[in-house]
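The values are calculated or read from the model by the stated rules, or taken from the named source; none is laboratory data. None of the values given here were measured: they were computed from a predicted structure. We place every Cβ from the backbone using ideal geometry, glycine too, and count neighbours over all the protein chains shown. Note: accessible area is taken over every heavy atom of the protein model, side chains too, but ligands, DNA and RNA are not part of it. Shrake-Rupley method; radii C 1.70, N 1.55, O 1.52, S 1.80 Å.
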Amino acid sequence: MTKHTSDESTAKIVRDYPKIGLFLNGEWVYDRDPYTYVINPSNESKLAPVPKATDADLQRALSAAERGFRVWRDTPPQQRVAIIQKAVKLARERIDAIATVLSLENGKPFEHARAEIDRSMNFYEWEMGQALRAYGTIVPGASQMQKFVIKQPIGPVFAVTPWNVPMSSAARKTSAALAAGCSVILKPAEETPGTACELVRCFGEAGLPPGVLNLVLGDPAHISSTLIASPVTRMVTFTGSVHIGKHLSQLAASVMKPVLMELGGHAPVLVGASVNATEVGRISALAKTRAAGQICASPSRFIVHQNSYSEFVASFAKTLNELRVGDGLQPGVEMGPVANVRRLSAAQSLVDDAKNRGANVAAGGHRLGDRGYFFAPTLLTDVPLDADVMTIEPFSPVAACVPAVDLDHAISIANSLSVGLAAYAFTNSLDEAEQLGRRLECGVLSINHFDTPDADTPFGGVKETGIGREGGPSSLDAYLVTKTILQSTVTV
Ligand code: NAD
């Protein structure tokens, strides 16, 4: 693999990184103490300070969201859609500038950042359609009783989003909440706030009424405990780690608020004996290294039929070794750095643990260079099932591969964890495909490809991976409450 960096050209682009602010009641607020700094993971330089919201700022966000909700709730869906449509148009017009911001703060290649933004705008387009179809029901009843079931927006939403897909996660949550008629207080990850600021700026300029979409940054634990405890917020939506998801769910449970939780996975990839193992090995390596392995649906446990194992491993390792790794803003780069220093040490510790337990390193296994958070695309083979990398989500470009004797064996390894989000399988047997669909414990199964759901199909997990679904025909449900109206036609 080769590593590409160019400090000179990146330095020119860094000027385009936005000033990071809080967005409260339709106004940007910048002059706050820094909580931390956004770091460019390609060269470890500081991009911008992240302002720390004060208690007064959080109270302002809450009262703005409360007022904004009353306005937005009463705005007809057609008018809501017209404003969201304008924001989407602005984001699409600015896609190159926003992709530059995303790539600078997260590290992923520019073209991948662009694709993430494009896909995120599709989420808004889907939810705009949903806003117009949030139908109620009329229930047949006795002649003197009319029974209506209507759907209403749940209220102000607290949305917390991660650093690995800073646009897609913010778009998933704000698209459904705003379409449903809710106001939102968005807290993006402090590691990647620039993309969320650019998204919110589009909404501000599109004419979204003040208070409908607010953005806060600062100490995440303090922000979460304050905003969840407040009676103003009515629902909590989060994408991130299982650990933080459980913590936020506990805070919400203590005040009986519903949650939508999209948490971690550790996606198994089951490769049968009937497939072209060289081709599946090649596309597996490319899928594994997308976003440097930092996607909740990233394929990470490769469970390969013993007859195809050597061919699969050879092709996977060859593809990893040929990958162009470098600064995401350099042309031709296929994989950037991991997004923060925590992932660098986590990746190394998984590799060291696996080696100590007897696994082989077929590719990579170490940091690349000493500046920037680059980790070599890594394939570990013959990994013992109790190695950390088989049980802890790698969230880095580290893949683990084990042989399986048959389908039952492969499925038992795949289902052995407490999480279940995405799963992938490669087989040319209809019988195997049917069994995999029925028996794998996951929220999404992709057979013979590595695509994940678009806006039109539900995305979410089972077991400790979370609660609820984003996208698909029921995408607004988490943001709506059902009200039953029993109206007597008898005068009193
Ligand atoms: P982490 O769990 O400490 O997460 C840090 C992030 O969570 C920060 O962005 C922070 O803003 C937020 N956070 C921390 N405490 C919070 C609180 N009390 N309230 C609200 N937000 C809070 O660690 P990490 O190193 O960022 O990631 C660890 C693991 O999390 C990864 O290995 C991966 O498994 C998982 N993860 C999953 C996703 C996903 O898309 N499902 C995204 C990011 C991370």
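Calculated FRET efficiency, residue 143 to residue 254, Cβ-Cβ distance, R0 = 30 Å: about 0.05 to the nearest 0.05.
Shape of the chain from its Cα gyration tensor (a ≥ b ≥ c, root eigenvalues): rounded if a/c is under 1.5, otherwise prolate when a/b > b/c, or oblate? Since a/c reaches 1.5 but b/c is at least a/b, the shape of the chain is classed as oblate. About its Cα centre, the dipole of the chain is roughly 1300 debye, where the only charges are +1 on Lys and Arg Cβ and -1 on Asp and Glu Cβ. For segment 175-326, a crude dipole built from +1 on the beta carbon of Lys and Arg and -1 on the beta carbon of Asp and Glu, taken about the Cα centre, is about 220 debye to the nearest 20. What's the angle, to the nearest 10 degrees (0 to 90), between helix 341-356's Cα axis and the longest principal axis of the chain? Between the helix axis and the principal axis of the chain, the angle is about 40 degrees. Taking Cβ atoms as reference points and 9 Å as the exclusive limit, the residues near residue 220 contribute a net charge of -1, counting Lys and Arg as +1 and Asp and Glu as -1.
Positive-end ranking of 369, 356, 280 along the dipole of segment 267-454, with charges on Cβ about the Cα centre, is headed by 369. The alpha carbons of segment 132-237 stretch over 60, 31, 26 Å along the principal axes, in descending order. Projected onto their three principal axes, the Cα atoms of segment 398-492 cover extents of 75, 29, 23 Å, largest first. Put simply, when 241-248, 58-65, 294-301 are sorted by average Cβ atoms within 10 angstrom per residue, most first, you get 294-301, 58-65, 241-248.
Each of 126, 102, 137 was placed along the dipole of segment 85-231 (beta-carbon charges, centred on the mean Cα), and the one lying farthest toward the positive end is 137.
Remark on residue 457: its backbone amide H falls under 5 Å from those of 472, a criterion applied only to residues 5 or more positions apart or on other chains, H modelled at 1.01 Å from N.
Once you sort the root eigenvalues of the Cα gyration tensor of segment 276-336 as a ≥ b ≥ c, which label holds: rounded (a/c under 1.5), prolate (a/b larger than b/c) or oblate (the other case)? Cα axes put segment 276-336 in the oblate bin. Residue-wise HN-Hα couplings along segment 290-301, as the Karplus relation 6.51 cos²θ - 1.76 cosθ + 1.60 with θ = phi - 60° gives them from phi, are 4, 6, 6, x, 9, 10, 4, 9, 4, x, 9, 10 Hz; Gly and Pro carry x.
Please say if segment 267-454 is rounded, prolate or oblate, where rounded means a/c under 1.5 for a ≥ b ≥ c the square roots of the C-alpha gyration tensor eigenvalues, and otherwise the choice is prolate for a/b larger than b/c and oblate otherwise? Cα axes put segment 267-454 in the prolate bin. The residues of the chain expose on average 40 square angstrom of accessible surface per residue, using a 1.4 Å probe on protein heavy atoms. Once you compute Rg and the Kirkwood Rh from C-alpha atoms, what is the Rg to Rh ratio for segment 80-151? Rg/Rh: 1.34. Annotation: amide H-H contacts under 5 Å for residue 404 (H modelled 1.01 Å from N, sequence separation of 5 or more, or interchain): 304, 305, 306. Counting only protein heavy atoms and using a 1.4 Å probe, what share of the accessible area of the chain belongs to carbon plus sulfur, as a whole percent? The C+S portion of the solvent-accessible surface of the chain is 53 percent.
Computed from backbone phi, the HN-Hα couplings of segment 260-265 come to 10, 10, 10, 10, x, x Hz, rounded to whole numbers (Karplus: 6.51 cos²θ - 1.76 cosθ + 1.60, θ = phi - 60°; Gly and Pro given as x).
Charges were assigned to the Cβ only: +1 to each Lys and Arg, -1 to each Asp and Glu. The resulting dipole of segment 130-209 about its Cα centre is roughly 420 debye. Scanning residues 5 or more positions from residue 465 or on other chains, those with amide H under 5 Å from its amide H are 420, with H placed 1.01 Å from N in the peptide plane. Extension gain for residue 357 to residue 15 (0.36 nm times residue separation, less C-alpha to C-alpha distance): 118.5 nm. For segment 93-109, backbone nitrogen atoms closer than 15 Å to the point 7 Å from residue 205 Cα along Cα-to-C-beta are found at 93-101.
Straight-line cross-link reach from residue 288 at under 29 Å between alpha-carbon atoms covers these lysines, not counting any fewer than eight positions away in the same chain: 3, 46, 108, 173, 187, 246, 318, 355, 463. Here the 3J(HN,Hα) profile of segment 454-461, calculated from phi with Karplus coefficients 6.51, -1.76 and 1.60 at θ = phi - 60°, is 7, 4, 7, 10, x, 10, x, x Hz, Gly and Pro shown as x.
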